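Enquirer: Supplied in structure tokens, the structure appears directly below.
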Amino acid sequence: MRARSTLPSSMPRSTETSAPLPLRHRPQGDLAIAVVGHRRDGHARSLIKRLEKLGARASFVELSASIFSTLHPSGLALPGFGAQLPDGVIVRAIAAGSFEAVTRRLGVLHALREQGVLVWNDARAIERCVDKSMTTFLLARDGLPTPETWAVESRAEALRVVRRETLRRPLVLKPLFGSQGRGLKLVRSVRDLPEEASVANVYYLQHFVGGAGPEHSDFRVLVSHGKIVAAMRRRAMHWITNVKQGGRPEAAEIGESLAELAIRSAAAVGADFAGVDILVGSEGEPYVLEVNSMPAWRGLQSVAGNDIAAMVAKDFLLALRERIRARRSA
């Protein structure tokens, strides 16, 4: 029986072929950028448009169309790049597929990084963020506030956690691989715990934290190149506040402490660009709920006062040119 990836269908995939001239021999203004995705959506189109406006040559690429080849000079071939590799890659999404297919697509991103191509975000950061248990581990390791969490494969162990912890407060059961608020379930007792098959044999359980209510809210903060790009508050009468699940976005000014927390959270998972979800509890204590390495920003853009795609494109090219200058001076 062929294993299937549990990556959400919204998780993007990428395609590209080839290897460029070494950066030290390429004209500084002639940068070739691949925007990787599983379809040419509005986010990908806006990134390409902004990159080109800033003087780069940008192309859309699907990872599924890329090729590992020992006959190729770089060992990789990306569609549209001929005998070269792009100078940089922005990963908008990675498409769902079989375990083997997703592994190979991530392998392309790993290989690009090994060849010296700047990848935002690289495969390591994507893998860390897609796996919620690893995200939580890295946040906690760096001393960042996140709800108490357990990730287990045994239903018997999950039942022990539920019996013990629901005496204190409810738990939230989340898909280990999931996004946009899909598949979340509030667990108040062992009766709420589903069978193993419905959770792909993995129980990811977190303490439920929330404000005083009755309305629920949290923050989505976009971090790019170590700074805040934009932030919004998401409000909903239900405890799931994701915009895709009916949450209402509104412009938000976050203070210095939340801004620092978002920046540190992105750094903890190794993400150059990330959407960080932060919830402020009823007593004013912040919790980092999630770090998304391939964030969408349609809802955020609707309330933001700046052009998010333009800022990401500018930050990416700044980082790439900084790398080029460092290599040329080495």
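No value in this document is a laboratory result; all are computed from the given coordinates. Predicted model, so just to flag it, every value in this text is computed and none were measured. Methodologically, a virtual Cβ is constructed for each residue, glycine included, from the backbone with ideal geometry; neighbour enumeration extends over all protein chains shown.
Enquirer: Using R₀ = 25 Å, calculate the FRET efficiency as 1/(1 + (r/R₀)^6) where r is the Cβ-Cβ separation of His72 and Ala326; round to 0.05.
Expert: Rounded to the nearest 0.05, the efficiency is 0.40.
Enquirer: Still on this structure, I have one more. Report, to one decimal in Å, the Kirkwood hydrodynamic radius for the stretch 104-235 based on all distinct Cα pairs.
Expert: Working: mean 1/r = 0.0588 Å⁻¹.
The answer is 17.0 Å.
Enquirer: Go through Phe68, Gly82, Leu138 and say which Cα lies farthest out towards the positive end of the charge dipole of the stretch 68-139; charges sit on Cβ, +1 for Lys and Arg, -1 for Asp and Glu.
Expert: Working it through, the farthest residue towards the positive pole turns out to be Leu138.
Enquirer: If the reach is capped at under 28 angstrom between alpha carbons, list the lysines near Lys132, excluding any in the same chain fewer than eight residues apart.
Expert: Of all the lysines, those that pass the test against Lys132 - Cα under 28 Å, at least 8 places apart if same chain - are Lys174, Lys185, Lys227, Lys244.
Enquirer: Which log10 I(q)/I(0) values does the stretch 70-180 give at q = 0.11, 0.23 Å⁻¹ under the Debye formula, counting every alpha carbon as one identical point scatterer?
Expert: -0.53, -1.34
Enquirer: Taking the chain as the reference, fit the longest principal axis to its C-alpha atoms, fit the long axis of helix 42-53 to the helix C-alpha atoms, and give the angle between the two in degrees, 0 to 90, nearest 10.
Expert: 40
Enquirer: In what sequence do Thr135, Thr70 fall when counting other Cβ within 10 Å, fewest first?
Expert: By the 10 Å Cβ count, ascending, the order reads Thr70, Thr135.
Enquirer: Rounded, prolate or oblate: which one fits the stretch 216-315, using the alpha carbon gyration tensor with axes a ≥ b ≥ c (rounded when a/c is under 1.5, else prolate when a/b beats b/c, else oblate)?
Expert: The shape class here is oblate.
Enquirer: Counting each DSSP H run of 4 or more residues in the chain as -39500 (n - 2.57), what helix-only mean residue ellipticity at 222 nm follows after dividing by all residues, to the nearest 500 deg cm²/dmol?
Expert: On the way: 8 runs with 96 residues, N = 330.
Taking each H run of at least 4 residues, the total per residue is -9000 deg cm²/dmol.
Enquirer: Turning to a different aspect of this structure: Kirkwood Rh over Cα pairs of the stretch 23-121 into Stokes-Einstein at 25 °C, 0.890 mPa s: D in µm²/s? Provide the component values of the computation, followed by the final result.
Expert: Values: Rh = 13.8 Å.
This corresponds to a translational diffusion coefficient of 178 µm²/s.
Enquirer: In debye to the nearest 20, how big a dipole does the stretch 216-315 give about its Cα centre with +1 on each Lys and Arg Cβ and -1 on each Asp and Glu Cβ?
Expert: 380
Enquirer: Same structure, new question: Counting other beta carbons within 10 Å of each Cβ, put Leu176, Leu63 in order, fewest first.
Expert: Going from sparsest to densest Cβ surroundings: Leu176, Leu63.
Enquirer: What list do you get for His38, His207 if you sort them by fewest beta carbons within 10 Å?
Expert: Lowest to highest Cβ neighbour count: His207, His38.
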